[in-house]
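What follows is a short report on a single structure.
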């Protein structure tokens, strides 16, 4: 059986690339979802999955050994053969990759040729006053904003008033772990607590339930016997 904590994570739900109001696109996604559900998930749940790492390992092995080597009915080729037919995959240019992960919002340029973003104010080309523009930016660096008008570059948004350098939705970077002091802080606290209690020993709370526990039962039993007589 699959561990209940990971059941939501293993439901195949492929949404990326779906075209709105496209029955053909939805049909292809439904087929691949059904194939994964019937050929992989059924076996995985029968075997038993206890962690996401185990699920990822099994899915990777299944995809490379089974799914990608199965001859497709329409193309007559295995997916991996069709993928490698064009030669080694090309690496994406770093700039293009960074652009793909930039965030985007739409803003109307004020009469004074400024646009607001996350509490900051930016100056743009005065010719854009009153127009709706698209702002593309790295959420971890709000000092560099690119402006687009109708999908075409329209210059940069120059920081005018900056109160926030990182988008509030970005989690702060974890700080460095503190150096160990070599002091058993909790041990000292526990020792002080025991000394203040005056016993120097811990209380056995499990014994409290046994104190006088038998007498009420015998007493009740005696009453029952008397009533029976």
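Residues that are within 25 Å of residue 96 (Cβ to Cβ) and touching a strand residue (DSSP E or B) at 6+ places or on another chain (Cβ under 6 Å) within region 126-141 comprise 133, 134, 135, 136, 137, 139, listed in sequence order.
Taken over region 69-79, the criterion of being surrounded by 14 or more Cβ atoms within 10 Å (Cβ to Cβ) and at pLDDT below 90 is satisfied by 79 alone. Show the residue pairs that are 6+ apart or on different chains and have beta-carbon atoms under 9 Å apart, the first residue being within region 30-41 and more than 15 Å from residue 56 (Cα to Cα), the second being in a helix (DSSP H, G or I). So the pair list comes out as 35/67; 39/62; 39/67. Would you check if residue 170 is more than 25 Å from residue 112 (Cβ to Cβ), outside the structural domain of residue 124 (by TED's automatic domain parsing) and surrounded by 14 or more Cβ atoms within 10 Å (Cβ to Cβ)? Judged against the criteria, residue 170 is not a match. Condition check: under 23 Å from the mean Cα position of the chain (by Cα) and under 30 Å from residue 149 (Cβ atoms). Does residue 104 satisfy that? Taking the combined requirement at face value, the residue satisfies it. The numbered conditions (1) free of Cβ contacts under 8 Å to residues at least 40 places away in the same chain; (2) in a helix (DSSP H, G or I); (3) in contact with a helix residue (DSSP H, G or I) (Cβ under 8 Å, 6 or more places away or on another chain) are all true for residue 55 except (1).
Scanning region 84-135 for residues that are out of contact with any helix residue (DSSP H, G or I) (no Cβ under 9 Å at 6 or more places or on another chain), under 13 Å from residue 158 (Cβ atoms) and surrounded by 14 or more Cβ atoms within 10 Å (Cβ to Cβ) yields 114, 117, 120, 121, 122, 123, 124, 125, 128, 135. Being under 31 Å from the mean Cα position of the chain (by Cα) and touching a residue at least 60 places away in the same chain (Cβ under 8 Å) is the requirement here; does residue 62 meet it? No, not satisfied. Quick check on residue 188: is it in the same structural domain as residue 106 (by TED's automatic domain parsing) and either over 30 Å from residue 115 (Cβ atoms) or surrounded by 12 or more Cβ atoms within 10 Å (Cβ to Cβ) (or both)? Criteria not met by residue 188. Can you name the residue in region 26-52 that is in a loop (DSSP other than H, G, I, E, B) and surrounded by 11 or more Cβ atoms within 10 Å (Cβ to Cβ) and, of all such residues, is modelled with the highest pLDDT? Filtering first and then ranking leaves 51. Only strands (runs of 3 or more DSSP E) whose full extent lies in region 99-139 are considered here, and none of them has at least 1 residues that are outside the structural domain of residue 153 (by TED's automatic domain parsing) and either closer than 19 Å to residue 161 by Cα or without any contact (Cβ under 8 Å) to a residue 40 or more places away in the chain (or both). For region 154-195, the set of residues classified as touching a residue at least 40 places away in the same chain (Cβ under 8 Å) and either over 30 Å from residue 102 (Cα atoms) or in contact with a strand residue (DSSP E or B) (Cβ under 8 Å, 6 or more places away or on another chain) (or both) consists of 157, 160, 161, 162, 163, 164, 167, listed by residue number.
The values are calculated or read from the model by the stated rules, or taken from the named source; none is laboratory data. On a predicted model such as this, the values are computed, not experimentally measured, just so you know. Methodologically, a virtual Cβ is constructed for each residue, glycine included, from the backbone with ideal geometry; neighbour enumeration extends over all protein chains shown.
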